[in-house]
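Asks: First the structure, which I've put down as structure tokens, then a few questions once you've had a look.
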Amino acid sequence: MAIQTDRPHVLMMSEITVDGKLTLKKGASSKILMKYMDPATEILLHETRAAYDAIMVGSNTIRIDNSFLTVRLVEGKSPLRVIPNSRADISPEANVLRSDAPTLVAVSESAPEERIALLRERGVFVEVAGKDVIDLPLLMHILKERYGVNSLMIEGGPTLNYYMIQNHLVDEVRLIHLPFIVGGADTPSLVGGMHIENEDEMFRLQLKTFYLCGTNLVTEYDVLYGEDTDGMA
Ligand SMILES: NC(=O)c1ccc[n+]([C@@H]2O[C@H](COP(=O)([O-])OP(=O)(O)OC[C@H]3O[C@@H](n4cnc5c(N)ncnc54)[C@H](OP(=O)(O)O)[C@@H]3O)[C@@H](O)[C@H]2O)c1
């Protein structure tokens, strides 16, 4: 694995259906699916949050799921919550802006000043990273250098997952497999974004381990980039 010391180690963690979907249909909250996680797996999710310095989800997940992103089911400190949101337009009432854990909203230079001020009034850290869209490599650097974030977990959604892996910023993937098939051509899956043109563009993963957590299968992979994939079929 290429060693990049100027950014945190990044884990992508998600619960997914057998057909690779993250929710029931486009626009639906993944909290509906999460109700079907085995209690042991919910604990695994919260243990993982407690073990990481920061947790990041996309702004659309905040709009749809209104996530808290705190540690609740186990003892431990909630990680720094990080939301990339170029226009600073998430609701000021979003649960993630409540004061039960620290939150950082990453905005772009195009974010209106009054929205940034509103966030700061709520006690939220605001960092500018990128001109029109969030520059994710820069954000990773800021997290590491200014906030001492050495480990970051991302919990989706598919658009954020896409841009993170596209920028070679994901080191590990941990999946909680739920025994359902939901279908739907436009139902959000683990990674969204653009399709690839040929097999050279596939991201290659190496299975590290798999186990049952309660009744849920959990799989863990390393993501391989560049020279790590030389010689792979
Ligand atoms: N099962 C699960 O584990 C799970 C977890 C999370 C979410 N979900 C589901 O996923 C769905 C939401 O996913 P989504 O794909 O619509 O949204 P999302 O990934 O939550 O949010 C999109 C993110 O991508 C950022 N973005 C867009 N273009 C970018 C670019 N060029 N460079 C960098 N960042 C960019 C956006 O930032 P801006 O604000 O700046 O545009 C935003 O933060 C919901 O249905 C939710 O329930 C499921």
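Values in this text are rule-based calculations from the coordinates and carry no lab data. Predicted model only: the values in this text are computed from it and were never measured. Virtual Cβ from ideal backbone geometry, glycine too; neighbours counted across all protein chains shown.
Asks: For the chain, what's the relative contact order in percent, using C-alpha pairs closer than 8 Å and at least 6 residues apart?
Replies: Values: 462 pairs, mean separation 68.2, N = 233.
About 29 percent, as a whole number.
Asks: Label points 7 Å out from Cα along the Cβ direction at LYS25 and SER151: separation in nm?
Replies: Taking the simple label geometry, LYS25 and SER151 are separated by 3.9 nm.
Asks: Under a plain spin-label model, where a point goes 7 Å from the Cα along Cα-to-Cβ, how far apart in nm are ALA51 and ILE116?
Replies: Each label point is offset 7 Å from its Cα along the Cβ direction, giving 3.7 nm.
Asks: Take the alpha-carbon positions of the chain, form their convex hull, and give its projected area averaged over all directions (one quarter of the hull surface) in nm².
Replies: 12.9
Asks: Also, quick follow-up: With a cut-off of 12 Å, note down the residues of the range 8-50 whose backbone N falls inside the zone around a label point 7 Å from the Cα of TYR225 toward its beta carbon.
Replies: Residues passing the 12 Å test: 8-10.
Asks: Kyte-Doolittle mean at least -0.5 and Cα extent at least 20 Å along the axis: which DSSP H helices of the chain qualify?
Replies: On the way: long enough: none.
What comes out of the filter, once short or polar helices are dropped, is none.
Asks: Quick one: dipole size for the range 30-143, taken about the Cα centre, charges +1 on Lys/Arg Cβ and -1 on Asp/Glu Cβ, in debye to the nearest 20. Please report the intermediate quantities before stating the final value.
Replies: Working: 13 positive and 16 negative charges, 42 e Å.
Value, rounded to 20: 200 debye.
Asks: How large is the charge dipole for the chain, taken about the Cα centre, if only the Cβ atoms of Lys, Arg (+1) and Asp, Glu (-1) carry charge, to the nearest 20 debye? Numbers along the way, then the final one.
Replies: Values: 22 positive and 33 negative charges, 187 e Å.
So the dipole magnitude of the chain works out to roughly 900 debye.
Asks: Quick one: give the max-minus-min coordinate of the C-alpha atoms of the range 27-137 along each principal axis, largest first, in Å.
Replies: For the range 27-137, the Cα extents along the three principal axes come out at 43, 30, 28 Å.
Asks: Scan the range 22-104 for GluC sites (Glu not before Pro) in coil per DSSP, keeping those whose Cβ has at most 11 other Cβ atoms within 10 Å, and list them by number. Present the calculation step by step, with values, prior to reporting the outcome.
Replies: Numbers: sites: GLU42, GLU47, GLU75, GLU93; in loops: GLU75, GLU93.
Sparse-neighbourhood loop GluC sites (Glu not before Pro): GLU75, GLU93.
Asks: How many nm is it between the label spots at MET34 and GLN206, if each spot is 7 Å from the Cα in line with the beta carbon?
Replies: For the pair MET34/GLN206, the computed spacing is 3.2 nm.
Asks: Sticking with this structure for a sec: If you place +1 on the Cβ of every Lys and Arg, -1 on the Cβ of every Asp and Glu, and leave all else neutral, what size is the dipole of the range 144-192 about its Cα centre, to the nearest 20 Debye? Provide the component values of the computation, followed by the final result.
Replies: Numbers: 3 positive and 5 negative charges, 21 e Å.
The dipole magnitude comes to about 100 debye.
Asks: Starting from the amide H of PHE180, placed 1.01 Å from N in the peptide plane, find each other amide H under 5 Å away whose residue is 5 or more places distant or on another chain.
Replies: Amide H neighbours of PHE180, under 5 Å, 5+ apart: VAL18.
Asks: While we're looking at this one, here's another question. So which lysines pass the test for LYS144, namely a Cα distance under 23 Å, with those fewer than 8 places away in the same chain ruled out?
Replies: Qualifying lysines at Cα under 23 Å: LYS77, LYS131.
Asks: Next question, about the same structure. Counting DSSP beta bridges with both partners in the range 9-229, what percentage is antiparallel, nearest 5? Don't jump to the answer; show the numbers that get you there.
Replies: Working: 16 of 41 bridges.
Around 40 percent of the beta bridges assigned by DSSP in the range 9-229 are antiparallel ones.
Asks: Of GLY20, PHE203, ILE55, whose Cα points farthest to the positive end of the dipole of the chain (charges on the beta-carbon: +1 Lys, Arg; -1 Asp, Glu; origin at the Cα centre)?
Replies: ILE55
Asks: Between MET194 and HIS168, what length comes free when the chain is fully extended (0.36 nm per residue of separation minus the Cα-Cα distance, one decimal in nm)?
Replies: Length gained, MET194 through HIS168: 7.8 nm.
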